[in-house]
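> I'd like to ask you about the structure that follows.
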Amino acid sequence: MGMDRATEVFWNSGAERWDHLVERGTALLFETGDDYAILAVTSKPVADLDELVALRDSEDDEFLSLSAIGNPASINRALDRVREEMEEGRLEALPGRGTLPPPAYAMFEEQTLHGLSEHHREWLGKHEGHRWDFFWSDQPLPTPKGDEFIQLLDLPTWRSEIERVISASNPSTTALADLDDLLWYGYVEGDLLGGAMGVERRRQFDGTLASHFAGLGTDPDRQGRGIGGAVMAGAINRELKETAIATFGMWSWNERARRLYRKLGINEGHTYVTLATHPLQEYDE
């Protein structure tokens, strides 16, 4: 069983993020195969198992994080190996001997989680949540109505309007925290901003660029006019002239957004879910 297209696109488009996670801490496990990928990192470099346990006991919320996608049989074998090596004192990435603590956060592709062995499922955190769905497009979308109003925004000029529109229509997004690090597209009529969306360009494993979208929002007073679809499709089409693929995620409960993305013809990938050792704060609908 090889990785399906949706899984492959997700992993490749996140190459910079995975590399960052490896660089910021100690990689206890970082493997990719034809049908799976798995990554486990600590939040800070640790010298041995005792330091990892001390980091956990310090209530570091991200002391150990895990991401796993693809064939559950391959993921089970990888987890069996790393946990057994830790018990036997043979884990090269982490000197010491004993039980590997369950990660504070473990993000799984949903179909991977469904096939996880029971002993791994019992080891992981019991709190489940933060379900989100992955979307992508590597081909231009049909030109939407209102495309002539879409433009790449000059951030100093439009900052306050971007903040107003996004905070009012999409309060759960984290995009505003990264406002200065993103490119922003908007639906502009005169001096009014009807909608906006941020874009981060990321390097993929093959060296090509991917556009990752965040924070789509429409002025609440102007909803129902197709502005959200125009911003999304217009931005994707413009970005695909610069990058190889456009990707984004949405909370699984957001059926209104799902209907829009399906209508636009954007590819829908898999659902991802997080297991945690402590309760997860969910974002309301």
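The values are calculated or read from the model by the stated rules, or taken from the named source; none is laboratory data. All values reported here derive from a predicted model rather than from experimental measurement. For neighbour counting, all protein chains shown are included, and Cβ atoms are generated from backbone atoms with ideal geometry for every residue, glycine included. Quick note on the areas: whole protein, heavy atoms, side chains included, nothing else; ligands and nucleic acids left out. Shrake-Rupley method; radii C 1.70, N 1.55, O 1.52, S 1.80 Å.
> Using a 10 Å Cβ count of at most 16 others and DSSP loop calls, identify the longest part of the chain lacking such trypsin sites (Lys or Arg not before Pro). Display every interim value, and only then the final one.
Details: sites that count: Arg90, Arg97, Lys126, Lys145, Arg225, Lys241.
The longest such stretch corresponds to 1-89.
> Relative contact order of the range 1-154, please, whole-number percent, based on alpha carbon pairs below 8 angstrom and at least 6 residues apart. Write down the numbers at each step before the final one.
On the way: 198 pairs, mean separation 30.3, N = 154.
RCO, the range 1-154: 20 percent.
> Then there's this: How much of the calculated P(r) for the chain lies past 31 Å, in percent of all Cα pairs? Mind dumping the intermediate values first?
Details: 13677 of 40470 pairs.
I get 34 percent for the Cα pairs in the chain exceeding 31 Å.
> Another one. Once you have a ≥ b ≥ c as the square roots of the Cα gyration tensor eigenvalues for the range 44-115, tell me rounded if a/c is under 1.5, and otherwise prolate or oblate according to whether a/b is larger than b/c. It would help to have the intermediate numbers written out before the result.
Numbers: a/c = 2.82, a/b = 1.41, b/c = 2.00.
Note, shape of the range 44-115 comes out oblate.
> I want to make sure I understand the PRE zone here: with the label point 7 angstrom from the Cα of Arg262 toward its beta carbon, which residues in the range 117-136 have backbone N atoms less than 16 Å away?
Label zone hits: 133-136.
> I would also like to ask the following. Within the range 105-136, what residues put their amide N at less than 16 Å from the label point 7 Å along the Cα-to-Cβ vector of Asp60?
Of the residues in the range 105-136, 105-106 have backbone N under 16 Å from the label point off Asp60.
> Let me ask you something else. Counting only Cα atoms, I'd like the Rg/Rh figure for the range 19-164, Kirkwood definition for Rh. Before the final figure, lay out each step's value.
Values: Rg = 20.4 Å, Rh = 18.0 Å.
Ratio value, two decimals: 1.13.
> Taking just the C-alpha trace of the range 132-265, give me its Rg and Dmax in Å.
Computed over the Cα atoms of the range 132-265, radius of gyration and Dmax are 13.7, 43 Å.
> Please report the carbon-and-sulfur percent of the accessible area for the chain; probe 1.4 Å, protein heavy atoms only, DNA, RNA and ligands left out. Could you put the intermediate results ahead of the total?
Details: 6260 of 13680 Å².
Result for the chain: 46 percent of the exposed heavy-atom area is carbon or sulfur.
> Nearest 5 is fine: what % of DSSP beta bridges in the range 162-285 come out antiparallel, could you say?
Numbers: 15 of 18 bridges.
Bridges in the range 162-285 are about 85 percent antiparallel.
> Give, rounded to the nearest 20 debye, the magnitude of the charge dipole that the range 54-146 has about its Cα centre when Lys and Arg contribute +1 at Cβ and Asp and Glu contribute -1 at Cβ. Walk me through the numbers on the way to the answer.
Details: 10 positive and 18 negative charges, 52 e Å.
I would put it at about 240 debye.
> Compute the FRET efficiency between Thr174 and Glu110 as 1/(1 + (r/R0)^6), taking r as their Cβ-Cβ distance and R0 = 30 Å, and round to the nearest 0.05. Write out the running numbers ahead of the final one.
Details: r = 22 Å, r/R0 = 0.73.
The value I calculate is 0.85.
> Right, another one. Quick one: putting +1 on the C-beta of Lys and Arg, -1 on the C-beta of Asp and Glu, what dipole do you get for the range 125-237 around its Cα centre, in Debye to the nearest 20?
Dipole size: approximately 320 debye.
> Quick one: go through the range 1-36 and flag any residue whose amide nitrogen is under 16 Å from the point 7 Å out along the Cα-to-Cβ line of Asp181.
Inside the label zone: 14-25.
> Here's a follow-up. I'd like the distance between the alpha-carbon centres of the range 247-285 and the range 82-117, rounded to an integer number of Å.
27 Å
> Still on this structure: I want to verify a result. In a Gaussian network model of the chain, Cα cutoff 10 Å, which of these has the top mean-square fluctuation: Gly146, Gly215, Gly186?
Gly146
> Compute the separation of the alpha-carbon centres of the range 41-65 and the range 132-207 and state it in Å as a whole number.
Centre-to-centre (Cα) distance: 36 Å.
> Relative contact order for the chain: what percent, with Cα pairs under 8 Å and sequence separation of 6 or more? Mind showing how you got there, number by number?
Values: 558 pairs, mean separation 63.5, N = 285.
Worked out over the chain, it gives 22 percent.
> Relative contact order for the range 139-274: what percent, with Cα pairs under 8 Å and sequence separation of 6 or more?
Once normalised by length, the contact order is 27 percent.
> Here's a follow-up. Where in the range 44-88 are there GluC sites (Glu not before Pro) that are in a DSSP coil and have at most 13 other Cβ atoms within 10 angstrom of their Cβ? If you can, show how the numbers build up before the last one.
Working: sites: Glu51, Glu59, Glu62, Glu84, Glu85, Glu87, Glu88; in loops: Glu59, Glu62.
In loop regions of the range 44-88 (DSSP not H, G, I, E or B), the sparsely surrounded GluC sites (Glu not before Pro) are Glu59.
> Pairing the Cα long axis of helix 227-239 with the longest principal axis of the chain, what angle in degrees results, from 0 to 90 and rounded to the nearest 10?
Rounded to the nearest ten degrees, it is 70.
> How much accessible area per residue does the chain have, in Å², with a 1.4 Å probe? Let's see the in-between values first.
On the way: 13680 Å² over 285 residues.
Accessible area per residue, the chain: 48 Å².
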